[in-house]
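Enquirer: Quick one: the structure is below, questions incoming.
The values are calculated or read from the model by the stated rules, or taken from the named source; none is laboratory data. Values in this document were obtained by computation on a predicted structure and should not be read as measured data. Virtual Cβ from ideal backbone geometry, glycine too; neighbours counted across all protein chains shown. In case anyone asks, the SASA skips ligands and DNA or RNA and just uses the protein heavy atoms, side chains included. Shrake-Rupley method; radii C 1.70, N 1.55, O 1.52, S 1.80 Å.
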Amino acid sequence: MRSVSYNRGTKRGEADESGKDLILQGILSVAVIMDCRSGKIRNPCIVLGLSAGCFIRIVLEQVPWHTVMANVSVPILLFYLLFCMHVLGAGDIKLFCVVGAFWSIQDLCTCILISFMAGGVISFSKLLIQRELFQSLQSVYFYLQTSVKTKTLSKYPGRDKRGHQIHFSVAIFIGFLLTMGGKYGGIIYSFIRP
C-alpha cells in the first residue's frame, strides 16, 4: 500500500490544506444555521465533523491518532467550568472539538482566542444596543460574589432570558475565518507581490 505524505510547504500540501479548510467551513456553516434557527447544534453535524476531521488528519495526513485526540479533547478540558456555569453550551464546546479534529493545536488555540474576542464584541454590542450594560455588569458582580461566598458554581442568572443570549457558533465561525485568513495571508501575499 502506498502511503500518502502530507507536506504543507508544497503546492500539493497547500491544496490539501485548503480543501480540508473548505470542508471545515461547510460544517461550521451548517452548525451556525442550525444554532441560529433552533438554538441547538445537532449531534449528527458534530459527528460528521469529528469523523471527517479525524479521517483526514489520521488517515490522509498520517498525523498520530493521539495528537488528533489531544486536539479534540482540549476544548472539553478548557471549557468544562464554563459549561457547568451554563455560560457556554455543549454544542459550542463540541464545535471547538470539531475544529481541533481538523487543525493543529496552534491553529485551534488561535481560533479559540479570536472566537472569544469576537463573542465579547458581539455581546458588548448587544448590551449597548439593548441598554443593559450596567445591569449585566452588576449581575456578573453579584454572581461572582455569591459563588465565592458559597464556594459553588451555579447557573449564571439571566442565561435563559430571551434576548440575553448570543449564538456563540457565529463567534466561532468568525474565529475560524480570521484564523484561516492568517494561515493563507502569506500565500495570497506571495501571489500579489511583484
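Enquirer: Would you kindly identify the helices (runs of 4 or more DSSP H) lying entirely within segment 100-194 that contain at least 3 residues that are farther than 29 Å from TRP65 by Cβ and at pLDDT 90 or above?
Expert: Counting at least 3 such residues, we get 105-129, 168-192.
Enquirer: Being under 12 Å from the mean Cα position of the chain (by Cα), in a helix (DSSP H, G or I), without any contact (Cβ under 8 Å) to a residue 24 or more places away in the chain and within 16 Å of VAL170 (Cβ to Cβ) narrows it down to one residue among ILE76, ILE93, ILE33; which is it?
Expert: ILE93
Enquirer: Still on this structure, I have one more. Could you say whether any residue in segment 36-58 is part of a helix (DSSP H, G or I), touching a residue at least 60 places away in the same chain (Cβ under 8 Å) and closer than 20 Å to GLY175 by Cβ?
Expert: Taking every residue of segment 36-58 in turn, at least one turns out to be part of a helix (DSSP H, G or I), touching a residue at least 60 places away in the same chain (Cβ under 8 Å) and closer than 20 Å to GLY175 by Cβ.
Enquirer: Take the residues in segment 59-73 that are in a helix (DSSP H, G or I) and in contact with a helix residue (DSSP H, G or I) (Cβ under 6 Å, 6 or more places away or on another chain), then tell me which one is farthest from LEU24 (Cα to Cα).
Expert: TRP65
Enquirer: Also, I was wondering about something else. Tell me yes or no: at least one residue of segment 52-73 is under 15 Å from the mean Cα position of the chain (by Cα), within 30 Å of VAL148 (Cα to Cα) and open to solvent by 30 Å² or more (accessible area, probe 1.4 Å).
Expert: Yes: segment 52-73 contains one or more residues that are under 15 Å from the mean Cα position of the chain (by Cα), within 30 Å of VAL148 (Cα to Cα) and open to solvent by 30 Å² or more (accessible area, probe 1.4 Å).
Enquirer: Could you please find all residues in segment 79-108 being touching a Ser or Thr at 6+ places or on another chain (Cβ under 8 Å) and farther than 18 Å from LEU50 by Cα?
Expert: MET85
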